[in-house]
Amino acid sequence: MPVYEWITVYLAEMSARASGRTNISEEQRVRARQSLDAALECDGTTFGEVCDRLADHLPGIASYHRDPDGGIYEEVHQVEMDRAIGARRLSSPDHYRLYFAFAQPTNAPRSSDFNDLATAIAASAEQAADLLRKWQGQRLTSGVTRAEVMLDRLAARVLAAPTAPEAEHLLLAYANVMDELAGGSVNDFGGPDVWRRAMRSLPTLLDTLGDAREAGIRRMFAEGQAVSWLTSLFRHETFAHGRHGDRPDSDRLLASDELDLVTEVMLGRYRRMSFDDIKAQLQPLSMLFAWQQGGDEDGPRNLLASEVDTDEGLVGTLQHLCGRVRTATATAEREIATLSRSNIASLVDYESARERITQLAETAQDPVFREKARILLESFRDGDRF
């Protein structure tokens, strides 16, 4: 395989990997390195002699490497990728094909996408939300959606800098539509992938608001319908500012007084919600934690106290308090629902709940109800293990 051909294959695979849905196996890495070594040998050189020159133009190439199996498919920092995209370089996952076939990569945003987004955010938050909904329904061959790709490009500042009203329109669109978009997104431990991608664009959008920043933040959190997404932001900031937990983080979106504002708004929203309202959210347990971590430790517990009075209420409540643990073997991945003491003891009486579920799993008259209790008992036992 000539070096030119090897580079085209390598860039295509790195572009797919940049989407976040494709991994390069160790076997692929070794085979690719062997293929490259063979191609370079035909040209009378070695990888160690040219890797620094390749690294100037190709993503994931080590500038100094003597290992016979490594030096390619290295991790590419997000900032470095954003810079390549903005400059339309060979190392850009959106533009590499322009250097070979004069064709747009199939998974890259189109010029019309940027025009559509600019038009939508100039018009209103509603139009921006409608466009994001439309794009989330368009899945590309890489496995990501058009919305997810465009959110990445927003974070990379590929779009011309928005005005303050345009930034507010987009932020309000996020605040209204992100929970809907989550259904079409891969859900990892950090939450739906589309949320993570949107979050990367928030610092630029918030800074663009200028003097309207405080009012824009208030509108987002007070009026936004995507309460689960807003809760994820609220929890992120609560931990980042060290108001809960013992690991404050400098990666903050909000200033301290802005977090005070968000805390007041979100606690007020939680207190006005019934447990049925909370159960209808994407992440009920996370919402209850956010409520407590925001400074109202008794609020969620008081809300649930009346819910667990009856056996039916107890079972229905615990079904929404399960945590999720993923386990993997060589052949399969499994998600396990757990009821651990550390997760639910601050919300309900753990000992009493477990004792009642144990009894119901053995003695409940209705076989369907007894099976529900048995499954919850297994979740308690899994909570002991994980």
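Could you look through region 281-314, keep only residues that are charged (D, E, K, R) and under 25 Å from Arg374 (Cβ atoms), and pick out the one that is surrounded by the most Cβ atoms within 10 Å (Cβ to Cβ)? Only one residue fits best here, namely Glu307. Filter region 55-105 for residues that are at pLDDT below 70 and of a type in the set (Lys, Arg); which is nearest to the chain's Cα centre (by Cα)? By that ranking, first place goes to Arg97. Remark: Pro162 matches the filter, which requires a residue to be in contact with a Leu (Cβ under 9 Å, 6 or more places away or on another chain) and not in a helix (DSSP H, G or I).
Being under 27 Å from the mean Cα position of the chain (by Cα) and either among the basic types (Lys, Arg) or closer than 15 Å to Gly316 by Cα (or both): is that true of Ser379 here? It would help to see each step written out before you state the result.
Values: under 27 Å from the mean Cα position of the chain (by Cα): yes; either among the basic types (Lys, Arg) or closer than 15 Å to Gly316 by Cα (or both): yes.
Spelling it out, Ser379 is indeed under 27 Å from the mean Cα position of the chain (by Cα) and either among the basic types (Lys, Arg) or closer than 15 Å to Gly316 by Cα (or both).
Inside region 1-33, residues that are at pLDDT below 80 and in contact with a Gly (Cβ under 7 Å, 6 or more places away or on another chain) make up a count of 2.
Contact map, region 32-43: residues that are at negative phi and hydroxyl-bearing (Ser, Thr, Tyr) paired with residues that are surrounded by 12 or more Cβ atoms within 10 Å (Cβ to Cβ) and in a helix (DSSP H, G or I), Cβ distance under 8 Å, separation 6+ or inter-chain. Pairs shown: Ser35/Trp6. Among the residues of region 198-212, the one identified as in contact with an Asp or Glu (Cβ under 9 Å, 6 or more places away or on another chain) and over 25 Å from Ala147 (Cα atoms) is Ala212.
Residue by residue, here is whether (1) at pLDDT 95 or above; (2) buried (at least 19 other Cβ atoms within 10 Å of the Cβ); (3) more than 21 Å from the chain's Cα centre (by Cα) holds:
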position	(1), (2), (3)
Thr204	no, no, no
Gly216	yes, yes, yes
Glu223	yes, no, yes
Asp246	no, no, yes
Asp251	no, no, no
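The values are calculated or read from the model by the stated rules, or taken from the named source; none is laboratory data. Note that the structure is a prediction, hence the values are computed from the model and not measured. Here the Cβ is made from the backbone with ideal geometry for all residues, glycine too, and neighbour counts use every protein chain on show.
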